[in-house]
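One structure is given here, and the rest of the page talks about it.
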Amino acid sequence: MYNSYKSLTGFTTFKINTQAKNITTIKSIDTLVDEWHHAVCRQEPVLILGEGSNVLFLEDFAGTVLLNRIKGIVVTEDSVSWRLHVGSGENWHKLVKYSLKHGILGLENLALILGCVGSAPIQNIGAYGIDFKRVCEYVDVLNLYTNKYFRLMAEECYFGYRDSIFIHKYRYGYAIIAVGLILNKKWNPILNYGDLVKLSPKTVTPRQVFNYVCNMRRIKLPNPKKIGNVGSFFKNPIVSSLFATKIKSQYPKMPTYPQISGDVKLAAGWLIDSCALKGLRIGGAAVDRKQALVIINLDHATSNDVIKLARLVRNCVAQKFSLWLEPEVRFISSVGEVNAIEVLS
Ligand code: FAD
Ligand code: EPU
């Protein structure tokens, strides 16, 4: 029926078979502005996409998908810091490799995270002991309604765990066009997560940290080039310390991560695993056998398979632990983003 539609499958890491009316690659801010306005004039939905590693298209998209490929890396330095001004369409992992190659240190723990640099501030990407907030100086944003740019300094981005102002106030009608990173010339290795604790702070090199992080990730997470997925499907829930203590008294082995606020982060992967859901399959979608927080496209999964499975996982966890997991992945309908919790409820 939609013969002129174009396949989105190769532009998302879930690799679910969906299509969009138009898919346009954006290499400059001028083209971004033009394409956005053309779509709006045609009264069609429009969506900016990076590398599609945190989205689930629920159905075919009835408008234009703009693939952000705005490039460019400018490095400056003073006696204490390196500063990188990076086009939002650069690939995050390539930036990590580029910085390591040029002796610009501090991004190693964030190696191998998928997606574009401009997507990194949106959910404040984080892994292996650090998050984007730690290295961010500013984010440059374009208001697509007014064509005006503005710069938000890191403290104005309200970064939190998988959270920022870009998921709230600037969720729609704003494009991130560049980010500014600031990295201290005095390297301070962060070695408190996973296998990194095995490294000695006295002798460790940035290359070793990079290699360890890449290794851990390759062991723990399915490679989207081989098996479709979007990383963690749900966020780790943050609960009151009272609630955490109550569950922990029943399940003493449950991992807990106390937060500065006094609240406690729980491991959604552990909660799902404890419900014995690893390997559970609906249609072509399955809960990964190694990492229960990852839903995989095992065999030609449809978005409906994924939704049904995620709903079941969410219900099982709620029944056992009295808490509702929230998706990390963004759900996109035929006309734009929809509330993922409502879809799963
Ligand atoms: P997309 O999926 O393309 O877009 C995400 C959302 O941002 C969409 O709503 C889109 O419309 C919007 N958007 C994209 N670009 C722009 C822009 N320039 N301006 C405005 N809005 C925009 N995340 C972590 O935090 N830590 C991890 O360790 C991690 N590991 C992962 C491992 C795997 C195997 C996978 C598949 C994913 C992982 N993720 C992780 C999630 C993902 O890598 C991040 O969320 C990433 O930042 C998404 O980038 P993207 O370019 O693919 O975004
Ligand atoms: N666990 C289990 N069973 C599982 C999965 C995990 O028992 O099936 C336990 C682990 O043994 C560990 C705890 O749960 O004790 C936490 O697991 P892990 O260290 O693998 O981290 P995670 O909470 O599952 C988070 C991020 C990842 C990030 C890693 C490393 C979220 C939602 N996920 O995963 O980010 O790479 O930590 O820092 O915060 C992503 O956001 O897409 C993502 C992959």
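The values are calculated or read from the model by the stated rules, or taken from the named source; none is laboratory data. Only a predicted model underlies this, so the values are computations on that prediction, with no experimental measurement involved. Neighbour counts are summed over all protein chains in view; Cβ atoms, including those assigned to glycine, are modelled from backbone coordinates with ideal geometry.
The single condition among (1) touching a residue at least 40 places away in the same chain (Cβ under 8 Å); (2) crowded, with 23+ Cβ neighbours inside 10 Å that Trp92 does not satisfy is (1). Out of the residues in the stretch 27-50 that are in contact with a Ser or Thr (Cβ under 7 Å, 6 or more places away or on another chain) and in a loop (DSSP other than H, G, I, E, B), which is surrounded by the fewest Cβ atoms within 10 Å (Cβ to Cβ)? If we take residues in the stretch 27-50 being in contact with a Ser or Thr (Cβ under 7 Å, 6 or more places away or on another chain) and in a loop (DSSP other than H, G, I, E, B), then Glu44 is surrounded by the fewest Cβ atoms within 10 Å (Cβ to Cβ). Among the helices (runs of 4 or more DSSP H) confined to the stretch 232-329, the ones with at least 2 residues that are within 21 Å of Leu221 (Cβ to Cβ) are located at 268-274, 303-321. Once the stretch 246-260 is narrowed to residues that are more than 14 Å from ligand 2 (Cβ to nearest atom) and without any contact (Cβ under 8 Å) to a residue 12 or more places away in the chain, the residue that is surrounded by the most Cβ atoms within 10 Å (Cβ to Cβ) is Lys246. Assess whether Asp78 counts as being within 13 Å of ligand 1 (Cβ to nearest atom) and charged (D, E, K, R). No, not satisfied.
Of all the numbered requirements in (1) farther than 28 Å from Met216 by Cβ; (2) outside any loop (DSSP other than H, G, I, E, B), Ile70 misses one, and that requirement is (2).
Filtering Ser303, Ser240 for residues that are within 16 Å of ligand 1 (Cβ to nearest atom) and at pLDDT 95 or above leaves a single hit, Ser303.
Each row is one residue, and each column tells you yes or no for (1) in contact with a His (Cβ under 6 Å, 6 or more places away or on another chain); (2) within 16 Å of ligand 1 (Cβ to nearest atom).
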site: Lys248; (1), (2): no, no
site: Pro252; (1), (2): no, no
site: Pro258; (1), (2): no, no
site: Ser261; (1), (2): no, no
site: Val264; (1), (2): no, no
site: Ala268; (1), (2): no, yes
site: Leu271; (1), (2): no, no
site: Lys278; (1), (2): no, no
site: Gly284; (1), (2): yes, no
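Every condition in (1) touching a Phe, Trp or Tyr at 6+ places or on another chain (Cβ under 9 Å); (2) in contact (Cβ under 8 Å) with a residue 40 or more places away in the chain; (3) within 30 Å of Val40 (Cβ to Cβ); (4) not hydrophobic (A, V, I, L, M, F, W, C) is met by Asn339 except one, and the failing one is (2). The residues on offer are Ser200, Ser164, and the sole one that is of a type outside the set (Asp, Glu) and buried (at least 20 other Cβ atoms within 10 Å of the Cβ) is Ser164. Quick one: in the stretch 218-238, of everything that is more than 23 Å from Ile332 (Cβ to Cβ) and aliphatic (A, V, I, L, M), which residue is surrounded by the fewest Cβ atoms within 10 Å (Cβ to Cβ)? Applying the filter and picking the extreme gives Ile219. Mind checking which residues of the stretch 281-299 are surrounded by fewer than 23 Cβ atoms within 10 Å (Cβ to Cβ), without any contact (Cβ under 8 Å) to a residue 40 or more places away in the chain and touching a helix residue (DSSP H, G or I) at 6+ places or on another chain (Cβ under 8 Å)? Across the stretch 281-299, the qualifying residues are Arg281, Ile282, Gly283, Gly284. What number of residues in the stretch 171-218 are at positive phi and either more than 10 Å from ligand 1 (Cβ to nearest atom) or among the hydroxyl-bearing types (Ser, Thr, Tyr) (or both)? So the answer is 1.
The stretch 128-221 holds strands (runs of 3 or more DSSP E) entirely within its bounds, and those carrying 3 or more residues that are closer than 30 Å to Asn297 by Cβ and in contact with a strand residue (DSSP E or B) (Cβ under 8 Å, 6 or more places away or on another chain) map to 174-184. Within the set Ala154, Ala178, the sole residue that is more than 30 Å from Lys220 (Cβ to Cβ), away from ligand 2 (no atom under 16 Å from the Cβ) and in contact (Cβ under 8 Å) with a residue 12 or more places away in the chain turns out to be Ala178. When each of Leu114, Leu110, Leu84, Leu66 is tested for being away from ligand 2 (no atom under 16 Å from the Cβ), at pLDDT 95 or above and under 30 Å from Asn297 (Cβ atoms), the lone residue that passes is Leu66.
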